[in-house]
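To start, the structure itself, in structure tokens.
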Amino acid sequence: MKNYCIDCKKKIDKRSIRCKQCSNVFNAHKRELHYFCIDCSKEITKSKYDRCQSCAGLNRRKPKVKKYCTDCKKEITTGSKSGMCKSCTTKGERSYNFQHGKRCKDFINHCKDCNKIIGQQHERCHSCDSQGERNGMFGKEHSEKSKSKMSKKAGGTGIPYETAKYNKSIFTQELKQFIRQRDNYECQNCGMTEEEHLIVVGRTLHIHHIDYDKENCKEDNLITTCLSCNTRANYNRNYWQEFYKEKIKVLK
């Protein structure tokens, strides 16, 4: 079947409508045509559209509905479920800090033992909660295997207390018990008894080296103290050294 150009009636290929010459003339004439938007009169490129891209988008878009906060009348996003702005949702009774007409900051909780200020969810502070029967090691002792592991962890060879500052063979439990008995089982500074110390701290009274030399384990250099007084003696050592020397003279 023969195919002809629709303009000049010239014989052409089956796949075309116009011949090459007529196609060039038609395209040149088409480029000279101008199309305008029916809304803003802006020039557009394609004839099949009546509007430009901006005007076409405005016509398709739904009109914006403004939403306002029910309390402060401030403009908010349309997606707000509560109908209020962020500041109004956290005011007064709507605040997560609000409890019985007061803020959480107004509720001050104290430790049952030392009266220290703590969080609301706790009954005792961290130090008091790990003393006495509440301590995980209360009434227990480390096994020889555990002592060996701790020695290796501290850089030793596995012999218990080999990395200690004093010799365990000299500073024995028998010597400590003798010093406590000599001092009537009382702290020589504050007067706390061993029974009170067991309840509060969960262990027996401490034995303090007066001259701070751990190798000097003579009876005249040892004195009974509680945990608090023994810790306090690490500061202002010259004062505490003279203080406990006078105490030893009285005990003799």
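Just so it is clear, none of the values below were taken in a lab; they were calculated from the coordinates. Because the structure is predicted, anything quoted here is derived from the model rather than measured. In this analysis, Cβ positions are derived from the backbone assuming ideal geometry, glycine residues included, and neighbour counts consider all displayed protein chains.
Neighbours of residue 193, meaning other residues whose beta-carbon lies under 14 angstrom from its beta-carbon, give a summed charge of -3 when Lys and Arg score +1 and Asp and Glu score -1. Backbone amide hydrogens, once placed in the peptide plane, bring residue 118 within less than 5 Å of 109, 110, 111, excluding anything fewer than 5 places away on its chain. Using Cβ point charges alone (K and R +1, D and E -1), the dipole size of region 169-251 about the Cα centre works out to roughly 140 debye. Peptides 183-193, 212-222 ranked from most to least packed by the mean count of surrounding Cβ atoms within 10 Å: 183-193, 212-222.
Cross-link partners among aspartates and glutamates for residue 147, C-alpha distance below 19 Å, same-chain residues fewer than 8 apart left out? The qualifying aspartates and glutamates are 162. Under 5 Å between amide hydrogens, built in the peptide plane, is the criterion, and for residue 212 it picks out nothing among residues at least 5 positions away or on other chains. Counting charges near residue 19 (Lys, Arg +1; Asp, Glu -1) among other residues having Cβ under 11 Å from its Cβ returns a value of +3. Take the Cα of residue 236, step 7 Å toward its Cβ, do the same at residue 248, and the gap between the two points is 2.1 nm. Within the shell of other residues whose beta carbon sits under 14 angstrom from the beta carbon of residue 134, the net charge comes to 0, with Lys and Arg scored +1 and Asp and Glu -1. Sorting 4-11, 198-205 by average packing, meaning the other beta carbons within 10 Å per residue, from highest down gives 198-205, 4-11.
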